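S.K.: Structure below; questions to follow.
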Amino acid sequence: MSNLKKALFYCGLAALFLISAASACRTKPAESLQYDIPIADGWFIRSSAEVRDGGAVISSPGLDLAGWCPASVPSTVLAALLKNGEYPDLFVGKNLEGIPGERFAVSWWYRTEFNLQADKRLVGTRLGFDGINYRANIWLNGRQIASRDQIFGSFRTFEVEVTEATKPGPNVLAIEVFPPQPGDFTIGFVD
């Protein structure tokens, strides 16, 4: 074997050894926990015109929910009010014409509580929203985690990082949803 061939052979062998050693020295990533907690049920809604407290209070435990309307999501405000019997069937006669548009000109609060299990493998927490219309302030455990300047659009989806705002055990989420304003791209006047 010529000197050049020997040199190439030993260089290749050394490179193969280094690649093998490097992969053997790699540390395995820590096991992490990933799971979804659906929070479709257990919501309550109320018009901001009827609420005196702000998001820090509404997203804290112990809020008196008297006067709040039970809801599930996905749901519009009008759909939740219909489900709770506040308005008659919109598909009968002229019932839709009887819905007061001014009631929906202000923001509405959605509020729920959910539990997170304590687990060291849980390295991050995100909230997924599958269709907010039109703008929203989002509060979690007394902290605002997103504002109406960040969360806007006609039934858009959003994902918000909330690791710093969550805690093991009960958590309180409150979302103040603002209706579209003139000039906003939207689908309808009520929802």
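The values are calculated or read from the model by the stated rules, or taken from the named source; none is laboratory data. Predicted, not measured: the structure shown is a model, and the values here were computed from it. No Cβ is skipped: glycine too gets one built from the backbone with ideal geometry, and neighbour counts run over all protein chains shown.
S.K.: Looking at (1) in contact with a helix residue (DSSP H, G or I) (Cβ under 7 Å, 6 or more places away or on another chain); (2) closer than 24 Å to P180 by Cβ, find the lone condition where G67 falls short.
M.R.: So G67 meets the others, but not (2).
S.K.: Which ones in segment 40-64 are out of contact with any helix residue (DSSP H, G or I) (no Cβ under 8 Å at 6 or more places or on another chain), buried (at least 17 other Cβ atoms within 10 Å of the Cβ) and farther than 14 Å from W108 by Cβ?
M.R.: S59
S.K.: Of all residues in segment 148-172 being farther than 21 Å from A71 by Cβ and charged (D, E, K, R), which is surrounded by the fewest Cβ atoms within 10 Å (Cβ to Cβ)?
M.R.: D149
S.K.: Which number in (1) within 23 Å of P170 (Cα to Cα); (2) surrounded by 11 or more Cβ atoms within 10 Å (Cβ to Cβ) marks the one condition that A118 misses?
M.R.: Single failed check for A118: (2).
S.K.: Moving on. Name the residue, out of I175, I187, I145, that is surrounded by 18 or more Cβ atoms within 10 Å (Cβ to Cβ) and either touching a residue at least 24 places away in the same chain (Cβ under 8 Å) or not in a strand (DSSP E or B) (or both).
M.R.: None of the others qualify; the one that does is I175.
A quick yes/no check of all residues on (1) assigned to a loop (DSSP other than H, G, I, E, B); (2) surrounded by 13 or more Cβ atoms within 10 Å (Cβ to Cβ); (3) modelled with pLDDT of 95 or more:
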{"position": "L4", "(1), (2), (3)": "no, no, no"}
{"position": "A7", "(1), (2), (3)": "no, no, no"}
{"position": "G12", "(1), (2), (3)": "no, no, no"}
{"position": "S20", "(1), (2), (3)": "no, no, no"}
{"position": "Q34", "(1), (2), (3)": "yes, no, no"}
{"position": "I37", "(1), (2), (3)": "yes, no, no"}
{"position": "V73", "(1), (2), (3)": "yes, yes, no"}
{"position": "A79", "(1), (2), (3)": "no, yes, no"}
{"position": "V92", "(1), (2), (3)": "yes, no, no"}
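S.K.: Still on this model: State all residues of segment 94-104 that are within 19 Å of N133 (Cβ to Cβ) and either small (G, A, S) or outside any loop (DSSP other than H, G, I, E, B) (or both); if no residue qualifies, say none.
M.R.: If the condition is that a residue be within 19 Å of N133 (Cβ to Cβ) and either small (G, A, S) or outside any loop (DSSP other than H, G, I, E, B) (or both), then L96, G101, E102, R103, F104 are the ones that fit.
S.K.: Out of (1) surrounded by fewer than 18 Cβ atoms within 10 Å (Cβ to Cβ); (2) touching a residue at least 60 places away in the same chain (Cβ under 8 Å); (3) in a strand (DSSP E or B); (4) of a type in the set (A, V, I, L, M, F, W, C), what's the single condition that is false for W109?
M.R.: With (1) surrounded by fewer than 18 Cβ atoms within 10 Å (Cβ to Cβ); (2) touching a residue at least 60 places away in the same chain (Cβ under 8 Å); (3) in a strand (DSSP E or B); (4) of a type in the set (A, V, I, L, M, F, W, C) applied to W109, the lone miss is (1).
S.K.: In addition: Identify, by number, the condition in (1) out of contact with any Leu (no Cβ under 8 Å at 6 or more places or on another chain); (2) of a type in the set (D, E, K, R); (3) touching a residue at least 24 places away in the same chain (Cβ under 8 Å); (4) not in a strand (DSSP E or B) that E164 doesn't meet.
M.R.: (3)
S.K.: Condition test on E97, is it free of Cβ contacts under 8 Å to residues at least 12 places away in the same chain and surrounded by fewer than 12 Cβ atoms within 10 Å (Cβ to Cβ)?
M.R.: Yes, satisfied.
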